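Read the structure below first, then the notes.
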Ligand SMILES: [Zn+2]
């Protein structure tokens, strides 16, 4: 996990550059030191566990914070594919009565597991979601507050949308389509290595199942080891060459989860792996073809299935992506 300290400046700068895309490239917010308000909002957000499907606590925190800051806050129910303890909601906030604004600033409030508490390590902040994406959420809110406070923007200019379920399935963002709104400009907060990103890689998931024949480990000739079959497949895929592009670099393949067998002295009957591929060029079908060819060459009996995927996404943008020099601050604890 990357520490949070570099992100604040990037987001504030990105934000300002985009808002004034037509007339200025210089940030409106000149501060080079994050305010204690920003750090304390960020801390509260990170301290709130909000693993996908369980975003309730952070929803409540944000709703009450935004109301306190005089935003008009709408909570939009979001259905979940699995049962959840609490109902889930997107949070949509704006100034006054004008919910349709020129610009939308958005990010997500859920995180991947496991929960990792907020922690200061020297001048770095650590903790689950401290960068992705509570760093974005906190800086976006404080940036909008600051711009409103200075009079640089007013009612009708900017709305904030914080969605649930980004890390799995995109339930929240899909539901946001039903808010019945449109914008001239949308800014998404995500870790981008201090770059203003104007596109992103595609994505496809892959599941490989191997079915062998169980037996006693002392008689390997009587069984067929599903773990060995799977390991061969994964070894080959770990080395496969996939399409790349100038803009997005390499297509990357992550062997994220493996499971197989029942005990050390039993020939494994079943084994399974889940992989995620980030596509830098072409369509999922191109990647799938390469993967299937590699696996077929092995001659193992494997059950391979792909999740619905998509190729690289080019974002319609007016402002060129640019590298922003990182600012480093010393945090006062
Ligand atoms: Zn994210």
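Each value in this text was obtained by applying a stated rule to the coordinates, not by laboratory testing. All of these numbers come straight from a predicted model, not from anything done at the bench. Backbone-built Cβ (ideal geometry, glycine too); neighbour counts: all protein chains shown.
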Original post:
What is the helix-to-structure angle for 36-47, meaning the angle in degrees between its Cα long axis and the longest Cα principal axis of the chain, kept from 0 to 90 and rounded to the nearest 10?
Top reply: 30
**OP:** For the chain, just say rounded, prolate or oblate: build the C-alpha gyration tensor, square-root its eigenvalues into a ≥ b ≥ c, call rounded for a/c under 1.5, and beyond that prolate if a/b exceeds b/c, oblate if not.
**Re:** prolate
Original post:
Relative to the longest principal Cα axis of the chain, at what angle does helix 56-68 sit, 0 to 90 degrees, rounded to 10?
Top reply: 10
Original post:
With contacts defined as alpha carbon pairs under 8 Å and 6 or more residues apart, what's the relative contact order of the stretch 7-198 in percent?
Top reply: 28
**OP:** Return one number: the angle in degrees, 0 to 90 and rounded to the nearest 10, between the long axis of the Cα atoms of helix 7-19 and the longest principal axis of the Cα atoms of the chain.
**Re:** 60
Original post:
Which shape class applies to the stretch 7-198: rounded if a/c is under 1.5, otherwise prolate when a/b exceeds b/c and oblate if not, where a ≥ b ≥ c are the square roots of the Cα gyration tensor eigenvalues?
Top reply: oblate
Original post:
Counting alpha carbon pairs within less than 8 Å and at least 6 residues apart, what relative contact order, in whole percent, applies to the stretch 44-124?
Top reply: 37
Original post:
Can you sort 56, 42, 317, 89 so the residue with the fewest Cβ neighbours within 10 Å comes first?
Top reply: 317, 56, 89, 42
**OP:** With a point put 7 Å past each Cα toward its Cβ, work out how far residue 177 is from residue 87 in nm, to one decimal.
**Re:** 2.3
Subject >> Fraction of beta bridges assigned by DSSP in the chain that are antiparallel (%, nearest 5) >> reply: 80
Original post:
Which of 239, 211, 278 moves the most in a Gaussian network model of the chain with Cα springs under 10 Å?
Top reply: 239
Subject >> Footprinting exposure proxy for 71, 162 (fewest neighbouring C-beta atoms within 10 Å first) >> reply: 71, 162
Original post:
When the chain is treated as a GNM, springs tying every alpha-carbon pair under 10 Å, which of 303, 316, 110 comes out with the largest mean-square fluctuation?
Top reply: 303
**OP:** Decide, for the stretch 82-180, between rounded, prolate and oblate: order the square roots of the alpha carbon gyration tensor eigenvalues as a ≥ b ≥ c, take rounded if a/c falls under 1.5, and otherwise choose prolate if a/b is larger than b/c, else oblate.
**Re:** oblate
**OP:** Treat the count of other C-beta atoms within 10 Å as a stand-in for reagent exposure and order 160, 120 from fewest to most.
**Re:** 120, 160
Original post:
Under the rule of -39500 (n - 2.57) per DSSP H run of 4 or more residues, summed and divided by the residues of the chain, what mean residue ellipticity at 222 nm is obtained, to the nearest 500 deg cm²/dmol?
Top reply: -8500 deg cm²/dmol
**OP:** Using only alpha carbon pairs under 8 Å that are at least six residues apart, calculate the relative contact order of the chain and give it in whole percent.
**Re:** 20
**OP:** Sticking with the crude label model, points 7 Å out along Cα→Cβ, report the distance from residue 304 to residue 270 in nm, one decimal please.
**Re:** 2.2
**OP:** Could you check which residue among 172, 249, 156 shows the biggest mean-square fluctuation in a GNM of the chain with a 10 Å Cα cutoff?
**Re:** 249
